[in-house]
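Derivation of every value follows stated rules applied to the coordinates shown; laboratory data play no part. None of the values given here were measured: they were computed from a predicted structure.
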């Protein structure tokens, strides 16, 4: 289980703080970011998808097949990802128009 801020591939590239990566789909091009993330949520995939396999190898809590996640969970939203239960809990919504809060260092 991990609690942190959501980032997408379009947001704050190169950040070094642990965060939850939110993506529509994970392909081999995402492999290099796995050492930087501490949680993963994807709109597609199952237990044998590329993202799920990488996440298990890195010990990253993951929830896959969360349809509509990109629209429901904007960058800057603070969530808890529980890979064992397969749940995502919203703890704090992203700040409107003012941007996402700074990532913890």
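The stretch between residue 3 and residue 44, if pulled fully straight at 0.36 nm per residue, gains 12.6 nm over its current Cα-Cα span.
Classification of the stretch 2-92 by its C-alpha gyration tensor yields a rounded form. The axis ratio a/c (a ≥ b ≥ c) stays under 1.5.
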